[in-house]
Amino acid sequence: MMTLIRRELLDNLMTFRFAAAVFITLLLVVANTIVLLKDYEQRLTAYNKAVKESHQELREKKTYSGYAGALVVQRPPNPLSIFNLGLDKQVGNKIEVYHAFVPTIWDAEKHGADNPFLNLFTSIDIVLVFQGVLSLLALIFAYDALAGEHERGTLRLVLTHPIQRGYILCAKYISAMLCLLVPLLISLFLSIILLTTSATISLSTDDFLRIGGIVLTSLLYVSLFYLIGLCISAMTRRTSTALMLCMFVWGCLVLVYPNLILTAVDIVPQPETQTSVYNQIKQMWEKLDKEDKQFIRNDAVLSPPSRGGEDMAAGFGLEGVEYTFWKDEDKPSILLYFHQTGLYAGKIGAESEPQVPRVQDYYGFYNRETINTVQRTWLVRKPALEAIYVQPANLGRMLLRFSPVGLYDAATEAWAGTDLEGIQDFFSTVQRYRRAVVDYFYDKKIFESRQWFAADKGTADWDALPQFSFQRSDTGINAKRALPDMLLLLTMNVILFTVIMLIFIKSEV
Amino acid sequence: MWHIAKRELYDNLNSLRFALATVLLLALMLTNAVVHLREHPVRMQKYRDAAMESLNTLTSRTDLYDLAQKGPEKLYKKPSPLHFSADGGDGLLPAFTHAASHFRGGDLKSFWRMTYPSATPNLKNIDPDATKIDWAFVISYVLSLIALLFTFDAISGEREHGTLRLMLANPIPRHTVLIGKFLGAFISVNIPFVIAVLMNLLVISTSSAVHLDASEWGRLGIIVGIAMLYLSLFLALGLLVSARVRQSAVSLVILLLIWVSFVVFMPNTLASIASDFSPARSYDAFQEDRRQTRRAILEVYYPQLSATDDPSKKMVISGEYVTEDATQDGRLRQEYLSERISQVSQARTITRISPVAIAQHLLEVFAGTGLARHLQFVENVQLYAREYHEFIADTERADPESPHIIGVRDGMSKKEVSPEAIPIFEDTLSLSKDFNVAAMDLLLLTLFVVVLLSGAYLAFVRVEV
């Protein structure tokens, strides 16, 4: 057995294709790591700047109601996006935290405006290089493994020895995998060295575990392509036919199928839930609006001078601007619809001082009802967002899994935490943070405080607000998300190996 | 020569690779046609609705001051009917420009200036990344791969079988053999390609939703021509490597590695590296420049305005201020846009080392999509903006009763403007301009082909049999 492996290994290592393979992989991985590293550093700088700016902006607000649009949370770039970019760069990374809506991916905007024309160029991450090059190399190593020996007649020679056929196959497999590991590991080492020498990236132990997961998935992927090649090689008698078939299979699986299926899936008709859900949400807000008006009408102090606009200033002697906004068309999410009144820091005239408690009362009521309405709209909005955005995207992803490329991509994305779920983690943290802020406001009775709308007696204390912090999910969760795809890859490996074994054992030499 | 070509052709037609290539190309091209038929009418409808709305708003204005202050609304880029032949990343480019004026309090309103929205990628999009299946994809990736698969063993394979010696024993000059082989491969790759193209066009032209006119058919012809030139490049590369290498397996390995690095990875990696050479101003720096310019203008006009009490003089100064503000801000925006564009253009220039980038640029240009088309659109917009300004000035001059102070309501003509007189934006494309843009790429591609072909010839002449 060992002699067989050694023989195969030497055979493979001394070839031109091996040298070329190592060279090309190294070149591409290193070049792209440098590009991606630079890109990551730029994104990190933009992130830090945005965090600082939003921190400052919030502190400039003197009243609590001024936090609308100023309490902004930024999503940090993921250092593992260098391995698989996934959705990390694609979706929004700046999200407002406000009690009048539940933040989701689709409400996020983007900080850091680099030249958007540069989006014309695709970013190539390390997994993409492996996807293209290593699969090709695996096929190049495999196509003549059996057909070649068959042609040259050496297979007959080997089989005259008292060795089981299974051993020969295993020896071939192990030695080829060892050879393929060399470019994979060397290039990964180089890129990790580049990463660790960069001052901006700090990888934790968990990150190394995740990288380990990516390596393991890469191994399964390469092995699968090697087995595909071996299978073709076992089925065909001539190397030239095997090679041709291998190349077409590669072209179909790697190049054509993923793009073809994603282009085709675009024309699948989308569910028409948008408008109905939007109207439903609108109705809920209109109901709130009615209750709001009712409240004002029943109040002896707040009415007759009706709430809003100039009347407000006249009625209460409040010097400030009141604003009402409904649907904000600039927001990316089509289902975002909210109604909110707010009041910017103002001085309160002495003559309206006695009315202040009633106004406080009003805001206490209004904000409480707003938060309840948000809760109700969220029950409708959440499934609608799922249906409009997530389901079509998941359909595409599911169809992609028919190609090993899709499985590999999905599994490495999950390891890197740049998949949809990884990004959703961030937004659910933001949702929890919004809840915490609202609870804090309730606890401290801020909604019905004077500081909500006026800054003359004490200003808002932003430092006491709960702080936002986001930790990427721990490795266990990454592993759990990557596991199904990895298992599928493994199953395909095992099935193919069995098939090859059967073909090889039955084949006549 | 024809004899050799014919022999090659028959050899290829019976081979597995020919069948596989045909199936692959047909599947891709048919998908492309079906997707285009589904998507294009929607795209056109969206464009027409938006353009019509903006035009209606424009022509509903009859007051000259309104027209001068609000400007020509949004101007939309007309989608190309040849979108199926090259997508060109149109989804990542902005589809309109906007004549915007700033909100200001008081009766002095700011005048319009052309703004160029940045091409924000769709943030809602959480789909996995994919390249659109268009002709450009089929040609630059699939066709080139097929070309290599058809030629990698053209010479090395014959040498391995010993048939090369046999052939060269005949009184045929070597270059004839080479050209024969080239022609044979060229025709045999072209058969499935042309069939696939024809099927694609058949599906597209039978539908009533998409209409192609004569000039578009001409453009399609040019695109097919470019595809053939590009195909020859890869055939020549295949012959060159095949002539230099003894074993066909090694030849294919070399070719595939060249292909993967040049076609799949090089253009994007190089572009990303090259885009750092001449970075555009950051958005913040641009905003800072705008603020400073605005302040500078205000510092000039504000003291003048407060120094005088004469209302007519005040009006003149206000008019000048408003015009200057709009001109300077418009100029800054245009400069910023051209900085960004030159950054991308430089990056794209460097990617021309890779033939696939050249081919894709060419296909985009002739399909009327992509960056070149966007630049044309911006140029059209700027021409139109000039025309619009002239129209305002001319209408103003034509009214003898007006005090001729552009920028203030009371200073401008009160006469009603007829909707027919307002110039209308037309987003035109001209084939001769496209040729100018494409000339360098075309020459470069031809140069590549010639160099590789002569390389293949030299290599083949020196082959020892």
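The values are calculated or read from the model by the stated rules, or taken from the named source; none is laboratory data. Values in this document were obtained by computation on a predicted structure and should not be read as measured data. Backbone-built Cβ (ideal geometry, glycine too); neighbour counts: all protein chains shown.
Some notes on this structure:
Here's the yes/no breakdown for (1) within 14 Å of chain B (Cβ to nearest Cβ); (2) closer than 18 Å to A:PHE447 by Cα; (3) touching a Leu at 6+ places or on another chain (Cβ under 7 Å); (4) modelled with pLDDT of 60 or more:
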site	(1), (2), (3), (4)
A:GLU322	no, yes, yes, no
A:ALA350	no, no, no, yes
A:VAL356	no, yes, no, yes
A:PHE365	no, yes, no, yes
A:ASN372	no, yes, no, yes
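- Meets criteria (surrounded by fewer than 21 Cβ atoms within 10 Å (Cβ to Cβ) and under 22 Å from A:ASN84 (Cα atoms)) for A:LEU379: no
- Residue in the stretch A:116-137 that is touching a Gly at 6+ places or on another chain (Cβ under 8 Å), within 30 Å of B:GLU339 (Cα to Cα), within 8 Å of chain B (Cβ to nearest Cβ) and not basic (Lys, Arg) present: yes
- Yes/no for A:THR377 being away from every other protein chain (no Cβ under 14 Å), out of contact with any Gly (no Cβ under 7 Å at 6 or more places or on another chain) and either part of a loop (DSSP other than H, G, I, E, B) or modelled with pLDDT under 85 (or both): no
- Scanning the stretch A:1-31 for residues being more than 19 Å from A:VAL182 (Cα to Cα) and touching a residue at least 12 places away in the same chain (Cβ under 8 Å) gives a total of 2.
- Residue in the stretch A:190-205 that is under 29 Å from A:ALA19 (Cα atoms), at pLDDT below 85 and not polar (S, T, N, Q) present: no
- Hits in the stretch A:234-254 (condition: in contact with a Phe, Trp or Tyr (Cβ under 6 Å, 6 or more places away or on another chain) and within 12 Å of chain B (Cβ to nearest Cβ)): A:ALA242, A:LEU243, A:CYS246
- Among residues of the stretch A:48-61 that are closer than 23 Å to A:ILE201 by Cα, those with a beta-carbon under 6 Å from a residue that is part of a loop (DSSP other than H, G, I, E, B) at least six positions away or on a different chain give the pairs A:ALA50/A:HIS111.
- Residue, surrounded by the fewest Cβ atoms within 10 Å (Cβ to Cβ), within the stretch A:113-134, restricted to residues that are at pLDDT below 85 and within 19 Å of the chain's Cα centre (by Cα): A:THR122
- Per the listing B:LEU235, B:LEU255, B:LEU298, B:LEU239, the residue uniquely more than 13 Å from every other protein chain (Cβ to nearest Cβ), within 30 Å of the chain's Cα centre (by Cα) and over 24 Å from A:PHE121 (Cβ atoms) is B:LEU235.
- Qualifying residue in the stretch B:36-58 (condition: within 12 Å of chain A (Cβ to nearest Cβ), within 19 Å of B:LYS132 (Cβ to Cβ) and either in contact with a Phe, Trp or Tyr (Cβ under 7 Å, 6 or more places away or on another chain) or of a type in the set (Gly, Ala, Ser) (or both)): yes
- Of all the criteria given as (1) surrounded by 20 or more Cβ atoms within 10 Å (Cβ to Cβ); (2) within 11 Å of another protein chain (Cβ to nearest Cβ); (3) in contact (Cβ under 8 Å) with a residue 60 or more places away in the chain; (4) not aliphatic (A, V, I, L, M), the one not satisfied by A:ARG397 is (3).
- Filtered residues of the stretch B:56-87 (kept if assigned to a loop (DSSP other than H, G, I, E, B) and basic (Lys, Arg)): B:ARG61, B:LYS77, B:LYS78
- Helices (runs of 4 or more DSSP H) completely within the stretch B:112-176 that count 1 or more residues being away from chain A (no Cβ under 14 Å): B:163-169
- In the set B:TYR336, B:TYR388, B:TYR384, only one residue is part of a helix (DSSP H, G or I), buried (at least 17 other Cβ atoms within 10 Å of the Cβ), among the aromatic types (Phe, Trp, Tyr) and in contact with a Leu (Cβ under 8 Å, 6 or more places away or on another chain); that residue is B:TYR384.
- For the stretch A:408-456, the set of residues classified as touching a strand residue (DSSP E or B) at 6+ places or on another chain (Cβ under 8 Å) and either within 14 Å of chain B (Cβ to nearest Cβ) or without any contact (Cβ under 8 Å) to a residue 40 or more places away in the chain (or both) consists of A:PHE427 only.
- Taking first residues from the stretch A:493-509 that are assigned to a loop (DSSP other than H, G, I, E, B) and partners that are hydrophobic (A, V, I, L, M, F, W, C), the Cβ contacts under 6 Å between residues at least 6 apart in sequence or on separate chains come to A:VAL509/A:LEU155; A:VAL509/A:LEU159.
- If the condition is being outside any helix (DSSP H, G or I) and within 12 Å of chain B (Cβ to nearest Cβ), then the stretch A:255-280 contributes A:ASP266, A:ILE267, A:VAL268, A:PRO269, A:GLN270.
- Filter result for A:ALA70 (more than 11 Å from every other protein chain (Cβ to nearest Cβ) and surrounded by fewer than 23 Cβ atoms within 10 Å (Cβ to Cβ)): yes
- Residue in the stretch A:42-54 that is over 30 Å from A:ARG210 (Cα atoms), surrounded by fewer than 17 Cβ atoms within 10 Å (Cβ to Cβ) and modelled with pLDDT of 85 or more present: yes
- Residue check, A:PRO77 farther than 30 Å from B:ALA347 by Cα, assigned to a loop (DSSP other than H, G, I, E, B) and at pLDDT 85 or above: no
- Test: residue in the stretch A:193-209 that is buried (at least 19 other Cβ atoms within 10 Å of the Cβ), within 35 Å of the chain's Cα centre (by Cα) and either in a loop (DSSP other than H, G, I, E, B) or in contact (Cβ under 8 Å) with a residue 60 or more places away in the chain (or both): yes
- Pairing each residue of the stretch B:53-71 that is surrounded by fewer than 21 Cβ atoms within 10 Å (Cβ to Cβ) with any residue that is among the polar types (S, T, N, Q), provided the two are 6+ apart or on different chains, yields C-beta distances under 8 Å for B:THR62/B:SER418; B:LYS70/B:SER101.
- Residue among B:ARG7, B:ARG17 that is in a helix (DSSP H, G or I) and either in contact with a Cys (Cβ under 6 Å, 6 or more places away or on another chain) or within 10 Å of chain A (Cβ to nearest Cβ) (or both): B:ARG17
- Annotation note: Cβ proximity below 6 Å between a residue of the stretch B:273-287 that is within 7 Å of chain A (Cβ to nearest Cβ) and under 16 Å from A:ASN119 (Cβ atoms) and a residue that is among the charged types (D, E, K, R) and surrounded by 14 or more Cβ atoms within 10 Å (Cβ to Cβ) (sequence gap 6+ or interchain) occurs for B:ALA280/B:GLU339; B:ALA280/B:ARG340.
- Filtered residue count, the stretch A:418-449, keeping only those that are assigned to a loop (DSSP other than H, G, I, E, B) and more than 19 Å from B:LYS124 (Cα to Cα): 6
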